[in-house]
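The values are calculated or read from the model by the stated rules, or taken from the named source; none is laboratory data. Since this is a predicted model, take the numbers as computed values, not measurements. Cβ sites come from the backbone with ideal geometry, for glycine too, and all protein chains shown count toward neighbours.
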Amino acid sequence: DTGVSQDPRHKITKRGQNVTFRCDPISEHNRLYWYRQTLGQGPEFLTYFQNEAQLEKSRLLSDRFSAERPKGSFSTLEIQRTEQGDSAMYLCASSPPWAGEETQYFGPGTRLLVL
Amino acid sequence: RKEVEQDPGPFNVPEGATVAFNCTYSNSASQSFFWYRQDCRKEPKLLMSVYSSGNEDGRFTAQLNRASQYISLLIRDSKLSDSATYLCVVTSNAGKSTFGDGTTLTVKP
């Protein structure tokens with residue numbers, strides 16, 4: 001399977017704990033995105049990497065959320081001191097480097113439940 | 001007001017019907033536009049890009065009106081398999097993508 005993969009697929013944690021999610025993009029895709037999605041809403045943009053550079057991030061990522069892509073391949077998203085409101089699906093997507101191609105290919109997501 | 005707004009739905013239509021979805025966006029500097037499809041509890045998948053000249057892919061037609069900041073999706077001859085949530089997506093030149101909340105379509109026999 002050469003699609004975007006995410007790990008874990010499901011995570012249950014207690015309020016106040018830290019969690020980390022991993023995303024492996026499609027190889028050769030230099031752009032990587034993180035989103036959060038709750039029921040009945042569209043995916044909410046969190047951050048965007050081009051190679052290892054984090055080019056855009058929502059205000060949400062200035063607090064308990066942080067994302068890294070140290071070698072320009074896989075990425076991690078960490079949530080510190082989780083809150084019940086963090087319960088959501090966390091989606092990762094990647095897109096290729098060639099000009100004019102902006103299709104984002106999504107992974108299956110990590111479903112987080114904070115108790 | 002949200003940056004990307006879609007028809008609230010849900011749309012319930014019979015097989016064979018034609019259905020149209022609308023989407024408006026607020027950022028006039030937006031660069032790229034897309035429709036994605038999302039099945040229940042699955043990840044979004046690209047349906048089609050949207051161009052000013054309009055584009056068609058089989059039973060699906062997408063239109064973009066930059067002056068009115070409006071995007072549309074037309075589905076002709078609806079199939080049961082078209083039942084899904086359709087997400088309008090607007091991307092800025094900085095690479096940030098903003099999704100609408102989606103419109104749910106149910107096609108019934």
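What about A:Ala93, is it more than 11 Å from chain B (Cβ to nearest Cβ), closer than 23 Å to B:Trp35 by Cα and either modelled with pLDDT of 95 or more or surrounded by fewer than 21 Cβ atoms within 10 Å (Cβ to Cβ) (or both)? Considered against the rule, which asks whether it is more than 11 Å from chain B (Cβ to nearest Cβ), closer than 23 Å to B:Trp35 by Cα and either modelled with pLDDT of 95 or more or surrounded by fewer than 21 Cβ atoms within 10 Å (Cβ to Cβ) (or both), A:Ala93 comes out as no. Of all the numbered requirements in (1) at pLDDT 95 or above; (2) polar (S, T, N, Q); (3) more than 26 Å from B:Val50 (Cα to Cα), A:Ser62 misses one, and that requirement is (1). When the residues of the range B:99-109 are filtered to those that are assigned to a strand (DSSP E or B) and either within 14 Å of another protein chain (Cβ to nearest Cβ) or among the charged types (D, E, K, R) (or both), the one that is farthest from B:Arg41 (Cα to Cα) is B:Lys108.
Residue count for the range B:36-83 under the criterion of being within 14 Å of chain A (Cβ to nearest Cβ), acidic (Asp, Glu) and in a strand (DSSP E or B): the result is 1.
Which one is farthest from the other protein chains (Cβ to nearest Cβ) among residues in the range B:84-98 that are of a type outside the set (S, T, N, Q) and over 10 Å from B:Cys23 (Cβ atoms)?
Ranking the candidates gives B:Ala84 first.
When the range B:12-30 is limited to residues that are at pLDDT below 95 and over 29 Å from A:Gly109 (Cα atoms), the one that is nearest to the other protein chains (Cβ to nearest Cβ) turns out to be B:Ala29. Look at (1) within 13 Å of chain B (Cβ to nearest Cβ); (2) among the polar types (S, T, N, Q); (3) farther than 18 Å from A:Glu68 by Cβ and you find that A:Asn30 fails only one, number (3).
Taking the condition more than 19 Å from A:Gln41 (Cβ to Cβ) and more than 14 Å from chain A (Cβ to nearest Cβ), does B:Phe33 pass? Give the steps one after another, and end with the answer.
On the way: more than 19 Å from A:Gln41 (Cβ to Cβ): yes; more than 14 Å from chain A (Cβ to nearest Cβ): no.
Answer is no for this residue.
Working carefully through the options A:Leu60, A:Leu46, A:Leu39, A:Leu32, find the one that is without any contact (Cβ under 8 Å) to a residue 60 or more places away in the chain and surrounded by 17 or more Cβ atoms within 10 Å (Cβ to Cβ). Spell out how you get there, then give the answer.
Working: A:Leu60 fails: surrounded by 17 or more Cβ atoms within 10 Å (Cβ to Cβ); A:Leu39 fails: surrounded by 17 or more Cβ atoms within 10 Å (Cβ to Cβ); A:Leu32 fails: without any contact (Cβ under 8 Å) to a residue 60 or more places away in the chain.
Going through A:Leu60, A:Leu46, A:Leu39, A:Leu32 in turn, the sole match is A:Leu46.
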